[in-house]
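In what follows, a single structure is set out as structure tokens and then discussed.
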Amino acid sequence: MEKIFLLDTNVLLHNPQALTAFGDNRVVIPIAALEELDQFKKLNDEKGKSARTVSRFIDSLRGKGSTAQGVKMENGGTLQIMVETADIHLPGLNPAKVDNQILGLALVIQQRGGNVRLVTKDVNMRVKADALGIKAEDFEKNKVKIEELYSGVTKLTVPADDINRFVTEKRLTLNQQEVYPNQFVILKDSGGGSTSAVGKVLWPERILVPLQNCEQDVWGVTAKNLQQKFALELLLDDRIPLVTLVGPAGTGKTLLAVAASLRKTLDEKAYRKVLFSRPVIPLGRDIGFLPGTKEEKLSPWMQPIFDNLEFLMDHNGESGETGEGTLRYMLEAGKIVLEAVTYIRGRTLPKQYIVIDEAQNLTPHEVKTIVSRAGDESKVVLTGDPYQIDNPYLDSNSNGLTYLVELFKQQTLAGHITLYKSERSALAALAAKIL
């Protein structure tokens, strides 16, 4: 029996390519969802772009047949705009709500014998569908199981002679081992001895080499655990233009990224300037519109980055100079730029050290937009905690950060590390663990 996928508006806003993601089955868009989509098309953000992309795609199919009856798409599937309203009583649900109209339409199709599945990113809508006996699912195309997320580290058990040869010769060939580019390897003695070593995989040679940058004092910051050493190794390596750092609160993701960016830009002059950015998504109730210039509006959102910058500059400024004064000078000189993710679209950013904080609040498409902004000789660092997501339509499995980590693990231009141990304070570590 032909499968019928009934799409909610939020799926189309999340990924406009969702229309072609269901193979040779029938994709149905309720007319109510199109009406809801129409409200977003004038926006200048990612949702507005998605709404316009969907509208243009549907418009391109009109010449091939009747969208009300169903039009064949290039992937073999059929797209149908269902214009009828569901004249069905849903006990306890307000019939004026678009969500409930879509639920009613799914129930009508099901009662006619159609094998319908409601696809929505709204958790509560999936729960209501289940209560009504309707099959409902999340849009899974860009999902990555967080439990199986690539960590950037692997352990290999090898003979003690191999470990000793690696320590002596500073290289070890890993032809028979399953490893990824720029992955960190912990060598363990297969004989049960205490001999061990750590290194990084070079590609395509598949050679393990010792770490080179991890022991440095970077603007007063030194690595406090093995994962932080691995992170610094990636952050200070100019041959790796894309770095992702994942971990819970207090593991040092942002501080390490900020410190490394200052070292590479201000001290080594490897980049022209540092660009810091974060998604403008509030935790809890939004504080509304803010007065002032763009910089003044961004100040509350960028405060976590300001905190790290001031901390580093307090420990590295000249005698009698405050971190705040140094930071103000760097901002005025254009060496440090603070920007909202919203304003990055359409730009080309050459020879810049770009740090995107809280990247777990970005969709896969937004992450693609950001990474594709990098020009020649630029480095992009994305940090975030997949378990702390404020975007209502993303979760730990579907956000852009975890999607990027999994897709780029086999690429020679990318490196990743997952940090586990909180170093902020004993209280922060305890909160991250038990709350």
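The values are calculated or read from the model by the stated rules, or taken from the named source; none is laboratory data. Note that the structure is predicted; figures quoted are calculated from it, not measured. For neighbour counting, all protein chains shown are included, and Cβ atoms are generated from backbone atoms with ideal geometry for every residue, glycine included.
Structure above, values below:
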item: Exclusive hit being aliphatic (A, V, I, L, M) and touching a residue at least 40 places away in the same chain (Cβ under 8 Å), set 61, 103, 90; result: 90
item: Considering residues of segment 220-235 that are surrounded by fewer than 23 Cβ atoms within 10 Å (Cβ to Cβ) and in contact with a helix residue (DSSP H, G or I) (Cβ under 9 Å, 6 or more places away or on another chain) only, the residue nearest to residue 306 (Cα to Cα); result: 220
item: Answer from 208, 245 - the residue that is assigned to a strand (DSSP E or B), crowded, with 23+ Cβ neighbours inside 10 Å and over 26 Å from the mean Cα position of the chain (by Cα); result: 208
item: Any chance residue 369 is part of a helix (DSSP H, G or I), touching a residue at least 40 places away in the same chain (Cβ under 8 Å) and within 18 Å of residue 242 (Cα to Cα); result: yes
item: Leading residue by the ranking (surrounded by the most Cβ atoms within 10 Å (Cβ to Cβ)) among those in segment 119-140 that are under 18 Å from residue 29 (Cα atoms) and among the basic types (Lys, Arg); result: 121
item: Among (1) of a type in the set (Ser, Thr, Tyr); (2) at pLDDT below 90; (3) buried (at least 19 other Cβ atoms within 10 Å of the Cβ) - the single one residue 329 does not satisfy; result: (3)
item: Where a residue in segment 121-150 is among the polar types (S, T, N, Q) and its partner, wherever it lies, is part of a helix (DSSP H, G or I), with Cβ under 9 Å and at least six apart; result: 124/99; 142/14; 142/364; 142/365; 142/400; 142/403
item: Residues of segment 1-21 satisfying the condition of being part of a loop (DSSP other than H, G, I, E, B) and either among the small types (Gly, Ala, Ser) or surrounded by fewer than 23 Cβ atoms within 10 Å (Cβ to Cβ) (or both); result: 1, 2, 15, 21
item: Matching residues in segment 257-271 - criterion: being assigned to a helix (DSSP H, G or I) and either within 18 Å of residue 239 (Cβ to Cβ) or of a type in the set (S, T, N, Q) (or both); result: 257, 260, 261, 263, 264, 265
item: Selected residue (only one of 432, 359 is under 14 Å from the mean Cα position of the chain (by Cα), under 19 Å from residue 254 (Cα atoms) and buried (at least 18 other Cβ atoms within 10 Å of the Cβ)); result: 359
item: Conditions (1) crowded, with 20+ Cβ neighbours inside 10 Å; (2) out of contact with any Asp or Glu (no Cβ under 7 Å at 6 or more places or on another chain); (3) closer than 11 Å to residue 8 by Cα; (4) not basic (Lys, Arg): number failed by residue 116; result: (3)
item: Scan of segment 407-429 for residues that are surrounded by fewer than 18 Cβ atoms within 10 Å (Cβ to Cβ), not small (Gly, Ala, Ser) and not in a loop (DSSP other than H, G, I, E, B), ordered by number; result: 407, 427
